[in-house]
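The values are calculated or read from the model by the stated rules, or taken from the named source; none is laboratory data. Not measured: the values here are computed from a predicted model. So basically every Cβ, Gly included, is an ideal-geometry build from the backbone, and we count neighbours across all protein chains shown. Note: accessible area is taken over every heavy atom of the protein model, side chains too, but ligands, DNA and RNA are not part of it. Shrake-Rupley method; radii C 1.70, N 1.55, O 1.52, S 1.80 Å.
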Amino acid sequence: MLIESIKKEAIIILNDLHSVAVLLILPITFMVIMTFAMGEKQANLVKKINVSVHAEKSDYSLLSLVSYLKTSGFKVNQEESVDAFISIESGFERNLLLKDSEAQILLSYSNELSPQTRLMIAELVKVSISKMKLHAYMEEVGDFDESLSMAEKVDIVNESSSVDYLLNEQNQDQVFSAPTLYSIPSWLIFGVFFIVLPISTTLIKEKENGTLIRIQTYPISNQQYLFTKALSYSAVSVIQWLLLSVVGLAFVPWLTDQALLVINSPSLYLLSAAFIIASAICFALLIAALVNTYEQAIVLGGGINILMAALSGFMVPIDMMPDALANIANFSPMYWSADILKQGLAGDSLMQAVPNMIKLSVFGLGCYLLALNLFIKKTNKLSWT
Amino acid sequence: MVNQDSQASQVQHKVIIKAEQLAFRYPSNDFPSIDNVTVTLKKGKCTGIIGPNGAGKSTLISLLCGLLTPEKGQLTYYVDDESSQAKSTLLTKATNSQAFIEQHIALIPQEYAFYPELTVKQNLQYFIAISERKRDKQASILAASLAQCQLTHVANKKAASLSGGYKRRLNIAIALSKSPDIIFLDEPTVGIDPVSRQEIIDLLKTLKAQGKSLVYTSHMLNEVEQLCDDIILLEQGKALAVSDLTSSNMMITVSFLAHPNTEMLRKQLQVLLPDIDTAQTQLNIKIADISQLNAIFTCLAQNMLVIKQLHFSQNSIDQLYFSVYHSKQATQDGAC
């Protein structure tokens with residue numbers, strides 16, 4: 001019976017283009033887009049930003065600020081759409097070395113810029129002003145040879161202010177530095193949780209076309225029926241998992257020119273898959289038992305999944321969220337899932353994954369018991385129509 | 001609901017389900033959906049349940065096949081076990097109603113209660129796998145179900161691509177693959193052409209001849225008449241009429257020349273048949289059995305009645321439906 005059930009559910013899903021899209025195409029698309037987005041380096045971002053610098057008169061301070069902004073990577077005063085405007089007030093150069101000077105530089109942005117990019121521009125402009133300050137100081141104490149050009153002086157300041165040699169950034173070559181580690185597990189889990197839509201629509205169809213009533217006269221209890229459904233969809237999810245893993249671990253890094261993801265702990269990776277699939281199926285069964293129409297299934301099932309994904313840091317990384325929002329992630333099954341999956345990829349020990357596995361088990365069991373209760377109540381109310 | 005004691009019922013056609021004074025009310029309703037309805041389903045017979053929309057047909061079927069539990073009344077299932085085989089007219093009360101339903105009852109809803117994405121064969125394989133766990137038997141059940149409903153040549157076609165007639169057959173084949181003794185059918189010929197419809201009616205007649213009990217609901221009264229032995233006419237949850245179509249639907253109208261003593265004639269005939277209606281020059285006689293005709297004509301001859309015209313008619317189910325329904329309406333209007 002189980003084989004026939006698995007065969008039935010697999011055929012139904014394969015015949016439904018929407019289900020295939022939701023289970024495979026949607027997560028793969030997100031994997032590619034988000035890996036591209038997260039793989040963009042800051043240097044590449046800065047290169048795209050055009051800063052317009054303006055001063056009341058073309059003096060030494062204007063020239064030096066433009067030079068330092070250029071060495072930070074910005075395009076300056078280019079004939080194209082402007083992303084940031086810098087206005088230097090008169091007397092700026094005179095006040096540069098004073099401690100309590102009033103603001104002399106006005107920085108404004110194009111409305112199209114995100115808060116993150118604005119923050120980055122402000123930080124780099126501050127670095128440029130710091131270098132200008134060092135430049136002014138070196139001029140004042142006579143550190144520069146009078147024969148040096150502006151470009152040569154800028155080079156000396158850049159060299160003097162460089163701190164790169166003081167910093168040893170760790171873990172650069174490890175798996176955690178790869179954008180793929182953040183995007184691929186996240187969207188793989190997102191796809192697995194979207195099994196909610198095929199399960200819900202199948203159950204609604206079965207209710208609507210009388211199949212569920214017909215099955216009530218068969219030697220199969222509602223408990224057995226729901227359990228068989230759970231097993232059948234688990235088999236479908238395992239196939240989905242394998243396909244998404246192959247695409248996510250091999251194809252997406254190749255396509256996006258990112259480091260390949262290696263599964264450092266295959267056993268933990270597989271165990272994580274089992275926990276994630278089981279909890280996603282139980283959650284899907286709960287929604288399927290709860291809803292009565294296709295619209296409810298899409299709104300409730302799809303809506304909760306998208307909300308969980310957002311709160312779990314799939315769209316905006318958790319470390320970029322405010323504390324209050326980041327704390328909510330700790331209550332999201334998708335976040336627990338992503339955590340144990342990353343641990344499997346990074347090669348952590350099983351013990352490190354156990355807390356989240358316990359959380360997923362409790363969540364899954366709770367959903368399953370609720371789903372069973374609701375399903376039995378609803379099928380007991382079924383009558384010939 | 002099912003009595004534990006083993007008891008037999010002695011009827012000509014073995015009683016397989018007996019429902020006595022069933023009552024049921026949906027929690028959201030103020031009025032009962034089924035009110036004191038008594039039904040007897042017999043082996044090898046077809047019982048039609050008719051009535052206007054909302055009369056309670058679906059609720060009654062749901063009660064009879066165990067989908068709903070009655071608030072009041074007694075529902076008894078009888079099984080054809082070894083002890084009952086010994087005495088051909090007796091059946092034994094089932095001790096476990098759920099097991100009885102699973103083993104003996106099949107439903108054919110009005111909707112196409114199968115998976116359109118699957119082929120005919122895959123659909124049957126799935127339902128057979130639920131009802132019959134032994135894999136070696138499954139193949140033979142599949143072949144038999146396909147053959148019985150003439151679906152063998154479309155076995156590998158996707159159910160969604162079948163014509164309406166074939167979809168109806170698949171709906172029936174799935175029910176038959178369970179080898180049920182009682183089949184509940186809800187308008188199984190809706191939306192199909194007359195040829196396919198007749199083929200389905202013929203298939204159902206064959207099933208009846210094989211000893212299957214059918215419970216048939218339809219608004220197509222001519223189909224009910226063709227197929228059913230008994231009918232139950234429901235209105236607002238009440239059984240307005242329960243009729244045996246095989247024995248009570250023949251009417252003879254005798255038109256005669258004026259007779260000097262019509263009253264005496266009527267009294268003599270009433271001794272033979274109580275259900276007689278006499279007018280000045282006409283007798284309307286309802287007979288249960290054709291063999292009663294001889295006695296009637298002997299009586300007419302003894303009274304020197306000069307017959308002008310004789311008319312035989314079958315009381316159609318339509319007449320029954322409308323007469324009962326209209327008399328009910330008239331009673332209600334009078335009450336108002």
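What does the charge add up to near A:N356, with Lys and Arg as +1, Asp and Glu as -1, over the other residues with Cβ less than 12 Å from its Cβ?
Local net charge: 0.
Could you pull out the longest piece of chain A with no exposed loop GluC sites (Glu not before Pro) in it, calling a site exposed if DSSP puts it outside H, G, I, E, B and it has at most 10 other Cβ atoms within 10 Å?
With a cap of 10 other Cβ atoms within 10 Å, the longest stretch comes to A:170-385.
Would you kindly find the accessible area of A:T201, with a 1.4 Å probe and non-protein molecules such as ligands, DNA and RNA excluded, rounding to the nearest 10 Å²?
A:T201 has an accessible surface of roughly 40 Å² with all protein chains in place.
Rounded to the nearest 5, what is the percent of antiparallel bridges among the DSSP beta bridges in the stretch B:15-242?
50
Sort all Cα-Cα distances of the stretch A:15-98 into consecutive 5 angstrom bins from zero, then give the percent of pairs in each bin up to the one containing the longest distance.
Histogramming the stretch A:15-98 at 5 Å steps yields 3, 12, 16, 14, 11, 9, 7, 6, 6, 5, 4, 3, 3, 1, 0, 0 percent.
If you place +1 on the Cβ of every Lys and Arg, -1 on the Cβ of every Asp and Glu, and leave all else neutral, what size is the dipole of the stretch A:42-166 about its Cα centre, to the nearest 20 Debye?
Computed about the Cα centre, the dipole is about 440 debye.
Mind checking which helices in chain A clear 30 Å along their axis (Cα) and have mean Kyte-Doolittle hydropathy of 1.0 or more, DSSP H runs only?
A:266-290
Taking the stretch A:1-109, which trypsin sites (Lys or Arg not before Pro) meet the DSSP loop condition and have no more than 14 other C-beta atoms within 10 Å?
A:K41, A:K48, A:K57, A:K99
Ordering B:Y115, A:Y335 from largest to smallest accessible area (1.4 angstrom probe), what's the sequence?
A:Y335, B:Y115
Can you tell me how the protein assembly as shown classifies by the Cα gyration tensor, rounded, prolate or oblate, using a/c under 1.5 as the rounded cut?
Prolate shape, in that a/c is at least 1.5 and a/b is the bigger ratio.
Which aspartates and glutamates does A:K359 reach when only Cα atoms under 17 Å apart count, and residues fewer than 8 places away in its own chain are ignored?
A:D339
Could you state how much accessible area is buried at the A-B interface, both sides summed, with a 1.4 Å probe, in Å² to the nearest 100?
3100
Quick check on chain A: take the gyration tensor over C-alpha atoms, sort the square-rooted eigenvalues as a ≥ b ≥ c, and tell me if it's rounded (a/c under 1.5), prolate or oblate.
Prolate shape, in that a/c is at least 1.5 and a/b is the bigger ratio.
Under a Cβ-only charge scheme (Lys and Arg +1, Asp and Glu -1), can you give me the dipole magnitude of chain A about the Cα centre, in debye to the nearest 20?
Roughly 2580 debye, rounded to the nearest 20.
Please work out the C-alpha center-to-center distance from the stretch A:30-109 to the stretch A:239-282 and express it in whole Å.
Cα centroid of the stretch A:30-109 versus Cα centroid of the stretch A:239-282: 42 Å apart.
Per residue, how many Å² of accessible area does the protein assembly as shown show with a 1.4 Å probe?
With all protein chains present, the protein assembly as shown gives 49 Å² per residue.
With the Cα gyration tensor of the stretch A:288-381 giving a ≥ b ≥ c as the square roots of its eigenvalues, does the rule (a/c under 1.5 for rounded; else a/b larger than b/c for prolate; else oblate) give rounded, prolate or oblate?
It is oblate, given that a/c is not under 1.5 and a/b is not larger than b/c.
Where does the protein assembly as shown land at 222 nm, in deg cm²/dmol rounded to the nearest 500, when only DSSP H runs of n ≥ 4 count, each adding -39500 (n - 2.57), divided by all residues?
My calculation for the protein assembly as shown gives -16000 deg cm²/dmol from helical runs alone.
Per residue of B:60-72, what is the mean number of Cβ atoms on other protein chains within 10 angstrom of that residue's Cβ?
Mean partner shielding for this stretch: 3.
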